[in-house]
Amino acid sequence: MAKRDYYEVLGVGRGASADELKKAYRRLAVQHHPDRGGNEAQFKEVNEAYEVLKDSSKRQRYDQFGHAGVGSSAASDGNPFAGFGGFGGQSQEFNFDFGDLGLGDIFGSFFGGQAAGRSGQKRGRDVETSVETSFEQAVFGTEVDLRLTLEDTCEHCKGTTVEPGHELQTCDNCKGSGQITNVMRTIFGNIQQAALCPKCKGKGKIPEKLCTVCGGKGTQRKTQTIKLKIPAGIDDGATIRLREHGEAIASGPKGDLYVLIRVKPHKKFTREGDLILSSEHIDMVDAAIGTQINVETVDGPVRMKVPAGTQSGSDFKLSGHGVPHIKGSGRGAHIVTVLVDTPTKLTPKQKQLLEQLKNTERRRGLFS
């Protein structure tokens, strides 16, 4: 479904002032807010439109190029990484840093201590780490080696805690139930209370002989190398989740590994969604008569035409030279802002030539 015009979404004209935009946004945000019974999709659409139009530079590009000038919006599609497939057999999920939406703490519960899986079974501890990539690696994707020291499954007992050649036997303390019953006497009578069996830790079975390598722990601390494929188009602050690549636990699944992606700033480029932004300087003569310039892109130099009469601050779009769409195919654009340099020091001869040009062309309106 094609996106609606942002001005139409907010119900304002293209010449609307910043104050008019804010008033329209507040009215529609209250009207469509899900907590007030509104439509969530419309609420997101209103937010996306306002986020673009309230920013003067984004608004200028939107007026000139439409939706292609402001890149894809995470606000309109929810999590842009949802449903993204695994890499190299590893199941991976991606999450944005939701920042001031107040959702950042949701992921805090993933880290530290043992966690219960979907079925309630205990699993190993989740682990969080980070990796730094260059701007180009984030655009085109890359593969990195993560070297981590973690609790891994004991190779000798395969995590069973039992010395090979021996078996698990029924706990004689709880008779295999994993629980013991304590009776408490109160003024209301005797009250039975079930508690975890301290001998078998609720498992109902104990090793006939403890593993001689891990001492019945079921795990060993090991340094391992994990290959991580970073997909093309990933952004700074995204998180990749590798299922069951965290720490191990005896007789249970491993925890998950969460890798925070940090993208190093580029000396020339900045990024907005799937757009890449940069600027190029030209002199005022080239701006007046037109020229062609070499523009640096992530794909290498691209020849770009600058038409006669170009004003400083004008934007030009190089289609297909931006960031690959993390969902679907194709790439965003590279937006080039042309800055016209006015000379500050002129020789007497240069001043004389400019005065002659000014006097000759004044009547034709060149400088009006």
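The values are calculated or read from the model by the stated rules, or taken from the named source; none is laboratory data. Just so it is clear, the model here is predicted, and its values are computed rather than measured. A quick note on method: Cβ atoms are made from the backbone with ideal geometry, for glycine too, and the neighbour counts reach across all protein chains shown. Note: accessible area is taken over every heavy atom of the protein model, side chains too, but ligands, DNA and RNA are not part of it. Shrake-Rupley method; radii C 1.70, N 1.55, O 1.52, S 1.80 Å.
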Once the dipole of the range 249-335 is set up from charges on Cβ (+1 Lys and Arg, -1 Asp and Glu), the residue from the list Val259, Pro324, Ser279 lying farthest towards its positive end is Val259
Given Ala29, Ala18, Asn39, which one lies farthest toward the positive end of the charge dipole of the range 1-59, if we put +1 on the Cβ of every Lys and Arg and -1 on the Cβ of every Asp and Glu? Ala18
Would you calculate the separation in nanometres between label points at Thr186 and Lys358, each defined as 7 Å from the Cα along the Cα-to-beta-carbon direction? 9.7 nm
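May I ask for the net charge around Leu168, where only other residues with Cβ less than 14 Å from the Cβ of Leu168 are counted and Lys, Arg are +1 while Asp, Glu are -1?
On the way: positive: Lys158, Lys199, Lys201, Lys203, Lys205, Lys209; negative: Glu163, Glu167, Asp172, Glu208.
Neighbour charge sum, excluding Leu168 itself: +2.
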In the range 228-277, which trypsin sites (Lys or Arg not before Pro) are in a loop and have at most 16 other Cβ atoms within 10 Å, using DSSP for the loop call? Arg243, Lys267, Lys268
Set of lysines with alpha-carbon distance to Lys158 below 27 Å, sequence-local pairs under 8 removed: Lys122, Lys175, Lys199, Lys201, Lys203, Lys205, Lys209, Lys217, Lys222, Lys227, Lys254
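R0 = 45 Å: FRET efficiency of Ser177 with Thr149, Cβ-based, nearest 0.05? All intermediate terms of the calculation are to be shown ahead of the outcome.
Working: r = 37 Å, r/R0 = 0.83.
That gives a FRET efficiency of 0.75.
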Counting other Cβ atoms within 10 Å, which chymotrypsin sites (Phe, Trp or Tyr not before Pro) in the range 263-368 have at most 10 and lie in a DSSP loop? Phe367
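Efficiency by 1/(1 + (r/R0)^6): what FRET value for Thr129 and Arg221, r their Cβ-Cβ distance, R0 = 22 Å, to the nearest 0.05? Intermediate values should be presented prior to the final figure.
Numbers: r = 16 Å, r/R0 = 0.73.
Step by step, r from the Cβ atoms, then E = 0.85.
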Under-5 Å amide H pairs with Leu168, H placed in peptide plane, nonlocal only: Glu208
Once fully extended, how much extra length lies between Asp283 and Thr170, figured as 0.36 nm per residue of separation less the alpha-carbon to alpha-carbon distance? 32.0 nm
Are there any trypsin sites (Lys or Arg not before Pro) in the range 297-328 that are in a DSSP loop and have at most 14 other Cβ atoms within 10 Å? List them by number. Lys327
Per residue accessible area of the range 241-349, 1.4 Å probe, in Å²: 49 Å²
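Please compute the net charge surrounding Val213, taking Lys and Arg as +1 and Asp and Glu as -1 over other residues with Cβ under 10 Å from its Cβ. Before the final figure, lay out the partial values.
Values: positive: Lys217; negative: Glu155, Glu163.
Neighbour charge sum, excluding Val213 itself: -1.
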Say each of Lys209 and Lys22 gets a label point 7 Å from the Cα, pointing the same way as Cα to Cβ; how far apart are those two points in nm? 7.8 nm
Can you work out the accessible area per residue across the range 1-43, with the rest of the protein chains kept in place, probe 1.4 Å, in square angstrom? 70 Å²
Among residues other than Leu277 whose Cβ falls under 13 Å from its Cβ, what is the net charge (Lys/Arg +1, Asp/Glu -1)? -1
Can you give the extra length, in nm with one decimal, that the chain gains between Ser312 and Asp341 once fully stretched, where that is 0.36 nm per residue apart less the Cα-Cα distance? 9.6 nm
Taking amide H positions as placed in the peptide plane 1.01 Å from N, state which residues far from Ser312 in sequence (5 or more) or on other chains have amide H under 5 Å from it. Val340
Whole-Hz ³J(HN,Hα) for each residue in the range 202-218, computed from phi via Karplus 6.51 cos²θ - 1.76 cosθ + 1.60 with θ = phi - 60°, x for glycine and proline: what do you get? x, 7, x, 9, 10, x, 5, 8, 5, 4, 7, 8, 9, x, x, 6, x
